[in-house]
1. Can you find a residue that is open to solvent by less than 20 Å² (accessible area, probe 1.4 Å) and either out of contact with any Asp or Glu (no Cβ under 9 Å at 6 or more places or on another chain) or modelled with pLDDT of 90 or more (or both) anywhere in the range 143-153?
2. Mind checking which helices (runs of 4 or more DSSP H) fall wholly inside the range 1-71 and carry at least 3 residues that are open to solvent by 20 Å² or more (accessible area, probe 1.4 Å) and of a type in the set (S, T, N, Q)?
3. Given the criterion of a type in the set (A, V, I, L, M, F, W, C) and open to solvent by 10 Å² or more (accessible area, probe 1.4 Å), identify the matching residue among Ala127, Ala137, Ala132.
4. What single numbered condition from (1) buried (at least 19 other Cβ atoms within 10 Å of the Cβ); (2) at pLDDT 90 or above fails to hold for Asp218?
5. Would you mind finding the one in Ala137, Ala132, Ala128 that is over 15 Å from Ala83 (Cβ atoms), part of a helix (DSSP H, G or I), touching a residue at least 40 places away in the same chain (Cβ under 8 Å) and not acidic (Asp, Glu)?
6. Among the residues of the range 166-204, write down those that are loosely packed, with under 12 Cβ neighbours inside 10 Å and at pLDDT 85 or above.
7. Being of a type in the set (D, E, K, R) and surrounded by fewer than 19 Cβ atoms within 10 Å (Cβ to Cβ): is that true of Asp109 here?
8. Out of the range 175-223, which residues are in a helix (DSSP H, G or I), of a type in the set (D, E, K, R) and closer than 27 Å to Leu71 by Cα?
Amino acid sequence: MQEKETIIISLGGALIVPNEVDTSFLKGFVKVIKSYVDKGYSFVIITGGGKLCRTYNEIAVQLSNPDKNDLDWLGIATTRLNAELVRIAFGDYAHDTIIMDPENIPQSDKSIIIGGGWKPGNSSDLAAVYSAIKINAKKIINLSNINYVYDRDPKEFPDANPIKESSWSDFRLLLPKEWEPGLSSPFDPVAAEKAESIGLEVVIMNGKNLGNLENFLDGLPFTGTTIK
């Protein structure tokens with residue numbers, strides 16, 4: 001990575017709130033990112049909704065008869081709640097408001113800008129892709145709770161094989177064809193289609209292993225799936 005490069009991170013909601021807020025993870029993540037800011041890097045971090053999003057969607061369906069648009073806006077609200085928490089965790093390192101539209105990233109004297117979901121019909125992954133387009137970044141780090149993308153669901157198939165590198169055309173065959181509110185997928189299919197169209201590189205790795213994230217940022221061997 002080049003010094004003073006702006007790095008896009010799509011931060012999975014499952015890392016922020018797996019069941020309840022993971023304060024230990026957030027403290028470690030904040031410490032690592034601050035250390036790279038001190039080295040001259042800057043970051044745009046887009047947070048997901050994770051289980052919080054899915055829980056709210058499930059409850060909404062029990063209470064009423066919401067359409068997909070309603071469920072998406074509910075999910076977007078959870079991503080923005082997570083974004084506010086992450087912004088506060090960074091203190092003075094972060095821009096003082098979260099971004100809600102990745103096509104309008106503010107000029108800021110802060111080295112960290114935090115955002116959440118954008119609009120219905122996709123996940124916060126698409127906001128990360130459009131953030132990359134806006135600042136002309138060539139890659140996104142997608143921090144999730146998996147070490148690799150697998151050729152099949154490893155929870156159902158113990159013999160599933162990890163994928164270390166993939167083309168977008170092969171990777172998209174593993175994804176659902178359409179977006180559904182609250183979808184749990186290695187990468188949003190709408191975002192994947194857009195990323196492929198602009199030649200964006202996405203690296204998916206387990207955010208719980210912060211040493212592995214540091215390895216990637218330092219240009220060292222790392223554990224994860226690279227799609228390009």
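The values are calculated or read from the model by the stated rules, or taken from the named source; none is laboratory data. Nothing here was measured: the structure is a model prediction, and the numbers come from that model. Cβ: placed from backbone, ideal geometry, glycine included. Neighbour counts: every protein chain shown. Calculation scope for accessible area: heavy atoms of the full protein, side chains included, ligands and nucleic acids excluded. Shrake-Rupley method; radii C 1.70, N 1.55, O 1.52, S 1.80 Å.
1. So far as the range 143-153 goes, yes, one or more of its residues are open to solvent by less than 20 Å² (accessible area, probe 1.4 Å) and either out of contact with any Asp or Glu (no Cβ under 9 Å at 6 or more places or on another chain) or modelled with pLDDT of 90 or more (or both).
2. Filter on the range 1-71 gives 23-37.
3. Ala137 is the lone residue from the list that is of a type in the set (A, V, I, L, M, F, W, C) and open to solvent by 10 Å² or more (accessible area, probe 1.4 Å).
4. Result: Asp218 passes all but (1).
5. Ala132
6. Once the filter is applied, which keeps residues that are loosely packed, with under 12 Cβ neighbours inside 10 Å and at pLDDT 85 or above, the range 166-204 yields Ser167, Ser169, Leu173, Ser197, Ile198, Gly199.
7. Yes, satisfied.
8. Glu193, Lys194, Glu196
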